Amino acid sequence: MEDEKIVAWFLESGDQAAFSLLVERYQKRVFRLVCSVLGPFSEGSAEEVCQEVFLKVYKKIRLFSGRSSFRTWLYRLTYNMALDWRRRNGVRITGVSVGDTGAKDDEGYVCDPLENLLSQERRLLVVQAIERLPELCRTIIYMHYWLDSPVEAVAEELGLPEGTVKSYLFRARQSLRKIIERKFGQVAVNGGKK
Amino acid sequence: MKEERDNLELILKKTLSVIPAPELKADFVPSVIERIKKEEKVRVSSKWRALIQAAIYWVIVLVLSLGLFSGVEANRIYLLMVFFITPFVFLGYLLSLRVLRLRGLI
């Protein structure tokens, strides 16, 4: 059943089964969008923000005018709420939060301690650099590289044309290169090549 | 230029891919519905509370007005005004809250 029909059904009858259907349909996508706005170390808060989003949808669904699709409306609301939460609460990336990701090699063994330490350092540097990007660039980077969303999905969830997402990705990479080079010199980004 | 881009992409992929992607809890939908039910109850009871508060306030204003001014001849018009206008004042207040809420301002 189409989203708009479910919304109409819910508005007519107030039946919570209709609303459950919408939550069930969009919970994962909304959660991923929230996660990409909050960043990789706010999983607990992401679930809370997600609940807030659906609660707000429940209260404001009468305001949905149908000028855009329900999906676009929902994603816009989610993005704004997640961004508000992030601005209010802030996100601090520390060595401890970046360190314990349970990194293992392909065969499931824990990597060499020195290698592990170096990769933790690199992870910390990269995540800190990403955190310094503008909001939209940061969200796109997390969606694309962390959550593995293809450009089309990123574009749909952020309500942007694909070309715009690509250009944001390009700009974000340029800014990241500058930030990382400033800290580690050219070697870090070019892999030792001149 | 392309090689530089590839290196950075590799760094980003390698760095971020080891951070586990988050998972939603299995009971997310029931917990959302549960929370909505709770909020609904609170909202209904707070509406009643506001209405009862408004009624009590109105009665107090009326009683005070009657008590203080009933002896004075010139205030009969004032008493009539209090009697007729206060319901509109409270209705206007509740209506403005509803309008603000509908517009998403509160």
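Tell me, what HN-Hα J-couplings in whole Hz come from the Karplus equation 6.51 cos²θ - 1.76 cosθ + 1.60 at θ = phi - 60° for each residue of the range A:119-132, using x for Gly and Pro?
Couplings: 5, 5, 4, 5, 4, 4, 4, 5, 5, 5, 5, 4, 5, 8 Hz.
If you count only protein heavy atoms and use a 1.4 Å probe, how large is the accessible surface of A:K56, to the nearest 10 Å²?
80
Excluding ligands and nucleic acids, what accessible area in Å² is computed for B:F84 using a 1.4 Å probe, to the nearest 10?
130
Would you tally the net charge around A:A8, using a Cβ to Cβ cut-off of less than 14 Å, leaving A:A8 out, and scoring K and R as +1, D and E as -1?
Net charge around A:A8: -3.
What FRET efficiency comes out for B:Y78 versus B:R101 if R0 is 41 angstrom and r is the Cβ-Cβ distance? Round to the nearest 0.05.
Once rounded, the FRET efficiency stands at 0.75.
Which residues among the range A:1-22 fall inside the zone where the amide N is under 13 Å from a point 7 Å beyond the Cα of B:R43, along Cα→Cβ?
A:11, A:14-16, by backbone N distance to the label point.
Enter the buried accessible area of the A/B pair, total of both sides, probe 1.4 Å, in Å² rounded to the nearest 100.
3800
By the scheme Lys and Arg +1, Asp and Glu -1, what is the net charge of all other residues having a beta-carbon under 13 Å from that of B:P30?
Net of charged neighbours comes to +1.
Rank by packing, highest mean first: peptides B:23-33, A:151-161, with packing defined as the count of other Cβ atoms within 10 Å averaged across residues.
Answer by packing, highest mean first, reads A:151-161, B:23-33.
The values are calculated or read from the model by the stated rules, or taken from the named source; none is laboratory data. None of these values were measured; they are calculated from a predicted model. Please note: Cβ atoms are built from the backbone with ideal geometry, for glycine as well, and neighbour counts cover all protein chains shown. The protein model used for the area step is the full one, side chains on, heavy atoms only, and it has no ligands, DNA or RNA in it. Shrake-Rupley method; radii C 1.70, N 1.55, O 1.52, S 1.80 Å.
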